[in-house]
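Input: a single structure, listed below in structure tokens.
Rule-based calculations on the coordinates, nothing more; no lab input. Just so it is clear, the structure is predicted and the values come from calculations on it, not from any experiment. Here the Cβ is made from the backbone with ideal geometry for all residues, glycine too, and neighbour counts use every protein chain on show.
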Amino acid sequence: MKPKSRLYTLVKNWSKKPPTVIKEAGNSKLYGSATQNINQQIENWGQAQDLFFELVLETKTQLTQFVILNSLIDCPEEDVLRLFNDGIRASCYWHSYSKPTAIMIPVKCEWLINQNIQKGLQNALLNCHLPIGLINVGLINRPTTDNKITFQDSIIKLQRLGVLLHLMNFDGTQMDCELLNDHDFKYVYLSGALLRQAIPGSQCEEKLSALMKIAKKYDCKVSAGPIKLIYEKLAAEKWEVDSYFGQHIMPAMTIHQVVKLGKSTKQQTAMRSHLNKKPS
């Protein structure tokens, strides 16, 4: 009977114990900080939903090769890291759905030689843990003589982190050839306007032919765009460029539409017709 009586005494004493009053914390900084962080996350999530990705299709099969985050092309310097991280998060999102899609993120030389931006890009790449080949960086402009060494160092660091390089606005200049000779670029980009102007016997045709030979010499694939006219699309197929992009090829898509996009030609054609039916 002793154990029972002891248990009875404990329960009786506990029931008679006065209720504990929970006092409000005198310092509300922690609560305010947590609320601020949540609001920042919600704001970042909302901004990520506004991003649109331009699909690059292979000319022969019409299958998606990668997507381009065009928001970075004209963005101010203070938004570079945010948009770069948004691009990496998008790639992680697609990878989590077992539909890995490579993304090409355009950057400017001025950003790569900026120490703060450079460190931010490297930290974002180190923390993403994505397979090599999913994150591509496209060079929009070219370095000057003064910042060439710093730029070269930054490019090498990106390549060591598994980033694939693309050379945008390819024009066959001496600087373009030096970059192709010093670094391993996977793609070079030709403008749709050059394809349109490359009529038989013209100087543009000679230039386009020379650019194609340079790309072949350095084992680079050629992507053309943005394609704005049917004639440009036909010219791209005639010159046997590897891929092309633009509103005429495939409308820009949101992060969720890219996930829904299938790998087969039929699925991609169905998605394209569905988007074209949407009111602008």
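Give 186/238; 213/260; 213/233 a once-over and call out the pairs whose C-alpha atoms are over 27 Å from each other.
Those over the limit are 213/260.
Collect residues whose amide H, placed 1.01 Å from N in the peptide plane, falls under 5 Å from the amide H of residue 248; neighbours closer than 5 in sequence don't count.
Those qualifying (amide H under 5 Å, at least 5 residues apart or on another chain) are 227.
Loop only per DSSP, at most 14 neighbouring Cβ atoms within 10 Å: give me the chymotrypsin sites (Phe, Trp or Tyr not before Pro) in region 46-124, ordered by residue number.
Loop-located and lightly packed - 97.
Starting from the Cα gyration tensor of region 123-191, take the square roots of the eigenvalues, sort them a ≥ b ≥ c, and report rounded, prolate or oblate (rounded when a/c is under 1.5, otherwise prolate if a/b is larger than b/c, else oblate).
oblate
Run the quick spin-label model on residue 146 and residue 204: label points 7 Å from Cα toward the beta carbon, then report their separation in nm to one decimal.
So the two model labels end up 3.6 nm from each other.
Which value in nm describes the separation of the simple spin-label points at residue 156 and residue 174, placed 7 Å from the Cα toward the beta carbon?
2.3 nm
How many angstrom lie between the C-alpha centres of region 75-105 and region 117-166?
14 Å
What GluC sites (Glu not before Pro) in region 171-252 are in a loop by DSSP, with at most 11 other Cβ atoms within 10 Å of the Cβ?
Taking region 171-252 and a limit of 11 other Cβ atoms within 10 Å, the loop GluC sites (Glu not before Pro) found are 240.
Can you report the principal axis dimensions of region 50-262 using only the alpha carbons, biggest first, rounded to whole angstrom?
51, 45, 28
Per residue of region 152-165, what does 6.51 cos²θ - 1.76 cosθ + 1.60 with θ = phi - 60° give for ³J(HN,Hα)? Whole Hz please, x for Gly and Pro, Karplus curve as stated.
4, 5, 5, 4, 4, 5, 5, 5, 5, 8, x, 7, 8, 9
Quick one: which residues, 5+ away or cross-chain, put their amide H under 5 Å from the amide H of residue 66? H built at 1.01 Å from N.
Here the answer is 56, since their amide H atoms fall under 5 Å of that of residue 66.
For region 207-221, take each phi angle, set θ = phi - 60°, evaluate the Karplus expression 6.51 cos²θ - 1.76 cosθ + 1.60, and give the result in whole Hz per residue in order, putting x for glycine and proline.
Values, residue by residue: 5, 4, 4, 5, 5, 5, 5, 5, 4, 5, 4, 9, 6, 9, 7 Hz.
Rounded to whole Hz and in sequence order, give me ³J(HN,Hα) for region 166-178 from the Karplus expression 6.51 cos²θ - 1.76 cosθ + 1.60, θ = phi - 60°, writing x for Gly and Pro.
These are the phi-based 3J(HN,Hα) values: 10, 10, 7, 6, 5, 10, x, 6, 4, 5, 4, 5, 5 Hz.
Using a 10 Å cut-off on Cβ atoms, rank the peptides 113-119, 245-251, 143-149, 98-104 from the highest mean neighbour count down.
Final packing ranking: 245-251, 98-104, 113-119, 143-149.
Residues with amide H under 5 Å of residue 138's amide H, sequence separation 5 or more or different chain, H placed in the peptide plane at 1.01 Å from N; which?
Counting only residues 5 or more places away or on other chains, the set is 105, 107, 166.
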